[in-house]
1. Leaving out ligands, DNA and RNA, and with a 1.4 Å probe, what % of the accessible surface on the chain is carbon or sulfur?
2. Can you give the convex hull volume per residue for the Cα atoms of the range 42-141, as a whole number of Å³?
3. Please label the shape of the range 159-245 as rounded, prolate or oblate, based on the square roots a ≥ b ≥ c of the eigenvalues of the alpha-carbon gyration tensor (a/c under 1.5 means rounded; beyond that, a/b larger than b/c means prolate, else oblate).
4. Work out, step by step, the length gained on full extension between ALA223 and GLN56: first 0.36 nm times the residue separation, then minus their alpha carbon distance; give nm to one decimal.
5. Take every Cα-Cα pair in the range 223-344 and report what % of them are more than 19 Å apart.
6. What does the C-alpha gyration tensor say about the overall shape of the range 104-222? Classify as rounded when a/c is under 1.5, otherwise prolate if a/b is larger than b/c, or oblate.
7. Placing unit charges on C-beta atoms (Lys and Arg positive, Asp and Glu negative, everything else neutral), compute the dipole magnitude of the chain about its Cα centre in debye, rounded to 20.
8. Based solely on its DSSP helices, what 222 nm [θ] is calculated for the chain when runs of n ≥ 4 H residues each add -39,500 (n - 2.57) and the sum is averaged over all residues, nearest 500 deg cm²/dmol?
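The values are calculated or read from the model by the stated rules, or taken from the named source; none is laboratory data. This structure is a prediction, so every number in the text was calculated from the model and none was measured. Counting neighbours? That spans all protein chains shown, and the Cβs are built from the backbone with ideal geometry, glycine included. What goes into the accessible areas is simple: the full protein's heavy atoms, side chains included, and nothing from ligands, DNA or RNA. Shrake-Rupley method; radii C 1.70, N 1.55, O 1.52, S 1.80 Å.
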Amino acid sequence: MSPWMSRLAPLCLSAFSTVAAAAAPAPLPDAGIDGLMQRYDGRVPGAAVLVLKDGQPVFRRGYGLAVVEDGTPVSPATNFRLASVSKQFTAAAVLLLAEDGKLSIDDPLKKWLPSLPAVADAMTLRHLLSHTSGLLDYEDLMDPADTRQVHDIDVLHLLEKENRTYFAPGSDYRYSNSGYALLALVVGKASGSDFASFLRQRIFLPLGMDATVAHQDGVDEVASRAYGYSGIDGHWQRTDQSTTSAVLGDGGIYSSLDDLARWDAALYDERLLRRASLRLAFSPATKTPEPDVPYYGFGWRINGDALWHSGESIGFRNVILRYPKQKLTVIVLTNRNDPEPYPLALEIARRWQETKR
C-alpha cells in the first residue's frame with residue numbers, strides 16, 4: 001500500500017466530522033459581521049465568509065449572488081475561483097511528490113523542463129516555490145492582440161524564448177505567477193499524471209473536497225459555480241474570464257467554504273502532508289518587501305503568527321487567514337473585482353481574538 005493510501009481512513013473520518021460540524025455552527029459571539037458585509041448583500045455579486053475556531057465553524061454564511069443574471073444566491077457550498085489562493089495547493093502537490101521520492105525541492109528546474117534557456121540553469125524548484133527564481137512575468141510576454149486563453153504549457157513556451165531574468169536565482173524576491181505555472185508542469189511530469197488529476201486524486205478526494213477542481217473548460221464542470229463580476233460605469237458586468245484564467249498552477253482552482261474547511265483541518269496534522277513538509281510550507285523561505293508579508297514560505301505569506309494568502313483575478317477577490325497557534329481561521333471569498341478582502345478578514349479575526357482577552 002502506498003503511503004498516501006494508508007492515510008485515507010483517518011482522513012475520511014475527519015471529512016465526515018467536518019461535514020457534521022458545518023451542519024451545526026456554534027453561536028456567533030459578535031453579531032456585527034453582517035454589518036461588515038452589507039456591501040455584499042442583496043442583488044449584487046456576493047461573498048462567502050467562514051470562521052473556524054478550534055476546528056469548529058463558528059460563523060458560516062453567504063451574502064449576495066453567485067450568479068447575478070438569474071439571482072442564484074451565494075451559499076457555503078458555492079465554488080469561487082480561488083485565484084492565487086490556489087498556490088498553496090500547487091506547493092502541497094510538490095511537497096507530496098517530494099515525500100514520495102519522485103522529486104526533490106532542490107532539483108534543478110531544467111531537470112524537469114529542459115527546454116528552458118540557459119538562464120534557467122541555476123534555478124531550482126525551491127526558488128519557484130518561494131518566488132526567488134527571477135523568472136519573467138508571463139503576462140508581460142503575451143501578445144495583447146491574441147485573445148486566446150493561455151495554459152500552463154503556453155507559459156513554458158513563452159519563457160523558452162527569453163534568455164533573461166529579473167535577477168539571479170536566489171538573490172532576491174519577486175512574486176511570480178510564472179513560477180507556479182511551471183510547477184504545475186513539473187507536478188505532471190514527476191507524477192506521470194496531469195496537474196488537475198494529481199490534485200484531485202491526491203488532495204481533493206482524500207480530504208473529502210469533492211466539489212473542488214482545478215478547472216479546465218470543456219474537461220470538467222464547476223458545481224454551484226460563482227461567476228465573477230466587475231463594477232463598470234455604475235453597473236455590475238460579468239468579467240469571469242481573461243486570457244490568463246486557464247493557467248492552473250498559479251490560480252485555477254475553484255473551491256467553497258465547506259471544502260476549504262476540510263483543507264484547513266488537514267493543515268493541523270499529518271492526514272495529508274508530514275509535519276516536516278508542513279514546516280517547510282509554513283517557515284520563512286525568503287524575506288519580502290510587501291506589506292504584511294515580511295516572509296514568504298511555500299504558497300503561504302507569513303506575518304508573525306499569521307499565515308495567509310490572497311487571490312485576485314478578473315472578477316474575484318479572496319483571502320484565507322490562519323492563526324494556527326490560536327486555531328483560528330477566516331476565509332472570505334468574493335465574486336467581484338473590488339474591494340480586496342484581506343482587511344475585512346483581519347477585522348473579522350479580531351472579533352474572536354478580542355473574546356480571549
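1. Accessible surface attributable to carbon and sulfur in the chain totals 51 percent.
2. Taking only Cα atoms, the range 42-141 has a hull volume of 180 Å³ per residue.
3. oblate
4. 57.7 nm
5. 55 percent
6. Verdict is oblate for the range 104-222.
7. 1240 debye
8. Result for the chain: -8500 deg cm²/dmol, rounded to the nearest 500.
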